[in-house]
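Just below is one structure, and these are the notes that go with it.
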Amino acid sequence: MNAAIKSIGVYLPEFIAKNDDLAKAKGLETDDEWIRSRTGIAERRLVQDSNILTADIGYFAAKNAIEKVGVSPDEIDGIIAGTLSPDKQFPAIACSIQAKLGCKKAFAFDITAACGFIPPALNTAALMIRAGQAKNILVVGAEICSRTMDWSDRNTCVLFGDGSAAILLSAGEDNNRGFMGAALAADGTLADILYLNTLGAEDSFLRMKGTAVYKLAVSELVNITKKALENAGLSINDIDLFVPHQANIRIIQSVGKSLGISDEKVMINVSKYGNTSSASIPIALYEAEQQGRLKPGMLVAMPAIGGGMNWGCVLFRW
């Protein structure tokens with residue numbers, strides 16, 4: 001058995017904050033040109049209702065994913081979730097999503113990898129399915145990043161957006177479709193370049209050394225993509241669609257160029273949503289699917305890097 005992506009569900013807040021509107025509302029010394037030229041971001045979605053929790057929007061996306069393909073909550077064997085904006089220290093938001101969905105038979109746990117969530121989460125879920133431990137697993141990235149921002153720090157607060165997305169992985173007998181391989185890495189000595197202290201701490205805002213993160217992302221996303229392909233016995237030329245973590249258009253373009261991947265093979269939607277952290281790759285996948293860019297047999301590479309520092313790349317055959 002192999003694990004294939006059966007469905008993708010999303011939840012995107014209705015409120016859209018364009019660059020100039022955000023700068024004006026928060027009193028930031030910045031403007032649309034400054035933000036666009038450095039990040040490629042034009043707007044982002046923000047959760048406005050303080051009563052809506054991260055687990056809620058994760059549930060909305062997960063519900064969307066299973067309803068699209070007629071899978072019932074009782075058929076879900078597991079939920080793996082990720083967020084940098086949890087509602088509580090514990091329980092895991094995966095447990096809250098499980099309760100809201102009514103998936104009484106499902107295990108549930110979180111992976112703490114921030115923006116780097118998708119490669120380890122999909123790798124873990126796929127290997128569990130291949131081992132016969134589960135048939136259907138939901139991988140859910142849910143973020144209300146706006147609640148972790150220092151709105152006086154223009155170098156971070158303009159980068160992030162809110163949203164959630166869920167990928168339903170299901171067992172299938174076609175070994176030519178689905179999970180093809182992955183590579184994961186980390187360097188805990190670099191934890192101080194991107195972190196978020198415990199909620200309630202004196203400084204509980206997301207902090208980032210942008211230049212250091214940029215340099216690491218450009219070099220290591222290239223290396224980890226090559227390693228994942230090597231592990232799977234594949235090459236750069238085999239990639240049909242490159243769907244990287246959507247943090248910054250300069251990073252995405254630099255990584256694509258270094259790998260020799262043509263622009264038409266690179267999925268970019270950072271201009272519309274900013275960095276939605278754990279949700280960014282599945283939101284981009286969803287949009288690629290809606291645009292007709294994902295066709296049967298295509299090899300999709302999904303690299304990401306996040307706080308830890310941790311990074312990885314996972315490969316799937318559509």
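So, in the range 30-70, exactly how many residues are out of contact with any helix residue (DSSP H, G or I) (no Cβ under 8 Å at 6 or more places or on another chain) and charged (D, E, K, R)?
So the answer is 4.
Scan the range 42-87 for residues that are over 15 Å from Ser146 (Cβ atoms) and either basic (Lys, Arg) or not assigned by TED's automatic domain parsing to the domain that holds Ser146 (or both) and jot them down. Give the steps one after another, and end with the answer.
Applying the first criterion (over 15 Å from Ser146 (Cβ atoms)) to the range 42-87 yields 42, 55, 58-82.
Passing the criteria: Lys63, Lys68.
Of everything in the range 235-284 that's small (Gly, Ala, Ser) and either outside the structural domain of Val222 (by TED's automatic domain parsing) or in a loop (DSSP other than H, G, I, E, B) (or both), which residue is surrounded by the most Cβ atoms within 10 Å (Cβ to Cβ)? Lay out the reasoning, then the answer.
Keep residues of the range 235-284 that are small (Gly, Ala, Ser), which gives 235, 247, 254, 256, 258, 260, 262, 271, 274, 277-280, 284.
Checking which are either outside the structural domain of Val222 (by TED's automatic domain parsing) or in a loop (DSSP other than H, G, I, E, B) (or both) leaves us with 235, 247, 260, 262, 274.
Working: Ser235: 10, Ala247: 27, Gly260: 9, Ser262: 10, Gly274: 32.
Applying the filter and picking the extreme gives Gly274.
Pull up the range 120-135, narrow it to residues that are more than 14 Å from the chain's Cα centre (by Cα) and surrounded by 24 or more Cβ atoms within 10 Å (Cβ to Cβ), then point me to the one that is nearest to Ile16 (Cα to Cα).
So the first thing to find is which residues in the range 120-135 are more than 14 Å from the chain's Cα centre (by Cα), and the list is 124-135.
From what's left, surrounded by 24 or more Cβ atoms within 10 Å (Cβ to Cβ): 125-126, 129.
Values: Ala125: 33, Ala126: 34, Ile129: 38 Å.
Here the answer is Ala125.
Quick check: is even one residue across the range 245-255 in contact (Cβ under 8 Å) with a residue 24 or more places away in the chain and either farther than 27 Å from Lys18 by Cα or over 20 Å from the mean Cα position of the chain (by Cα) (or both)?
no
Which strands (runs of 3 or more DSSP E) does the range 176-230 wholly contain that include 3 or more residues that are of a type in the set (A, V, I, L, M, F, W, C) and modelled with pLDDT of 95 or more? Full working, then the answer.
Numbers: elements: 178-186, 194-196, 206-208.
Hits in the range 176-230: 178-186.
Let's see how each residue does on (1) in a loop (DSSP other than H, G, I, E, B); (2) without any contact (Cβ under 8 Å) to a residue 24 or more places away in the chain; (3) more than 29 Å from Glu33 (Cα to Cα):
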site	(1), (2), (3)
Ala134	yes, no, yes
Val139	no, no, yes
Glu143	no, no, no
Arg147	no, no, no
Gly163	no, no, no
Leu169	no, no, yes
Asp174	yes, no, yes
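Look at the range 7-29 and say how many of its residues are in a strand (DSSP E or B) and touching a helix residue (DSSP H, G or I) at 6+ places or on another chain (Cβ under 6 Å). Full working, then the answer.
Step one: filter the range 7-29 for residues in a strand (DSSP E or B), giving 7-11, 16-18.
Subsequent filtering for residues that are touching a helix residue (DSSP H, G or I) at 6+ places or on another chain (Cβ under 6 Å) retains 7-11.
Selection size over the range 7-29: 5.
Give the residues of the range 285-313 that are surrounded by 24 or more Cβ atoms within 10 Å (Cβ to Cβ) and either in a helix (DSSP H, G or I) or not assigned by TED's automatic domain parsing to the domain that holds Asn231 (or both), sorted by residue number.
Once the filter is applied, which keeps residues that are surrounded by 24 or more Cβ atoms within 10 Å (Cβ to Cβ) and either in a helix (DSSP H, G or I) or not assigned by TED's automatic domain parsing to the domain that holds Asn231 (or both), the range 285-313 yields Leu285, Tyr286.
Name, by its number, the condition in (1) touching a Gly at 6+ places or on another chain (Cβ under 7 Å); (2) in contact (Cβ under 8 Å) with a residue 40 or more places away in the chain; (3) in the same structural domain as Gln48 (by TED's automatic domain parsing); (4) farther than 30 Å from Lys295 by Cα that does not hold for Ala113.
Unmet for Ala113, out of (1) touching a Gly at 6+ places or on another chain (Cβ under 7 Å); (2) in contact (Cβ under 8 Å) with a residue 40 or more places away in the chain; (3) in the same structural domain as Gln48 (by TED's automatic domain parsing); (4) farther than 30 Å from Lys295 by Cα: (4).
Test each condition in (1) more than 23 Å from Ala17 (Cα to Cα); (2) in contact (Cβ under 8 Å) with a residue 12 or more places away in the chain; (3) more than 17 Å from the chain's Cα centre (by Cα) for Met208 and report the one that comes out false.
Exception for Met208: condition (1).
Whether any residue in the range 193-204 is in contact (Cβ under 8 Å) with a residue 24 or more places away in the chain, over 27 Å from Leu315 (Cα atoms) and β-branched (Val, Ile, Thr) is what I want to check.
Within the range 193-204, one or more residues are in contact (Cβ under 8 Å) with a residue 24 or more places away in the chain, over 27 Å from Leu315 (Cα atoms) and β-branched (Val, Ile, Thr).
The values are calculated or read from the model by the stated rules, or taken from the named source; none is laboratory data. Just so it is clear, the model here is predicted, and its values are computed rather than measured. Glycine gets a Cβ as well: all are built from the backbone with ideal geometry, and neighbour counts include every protein chain shown.
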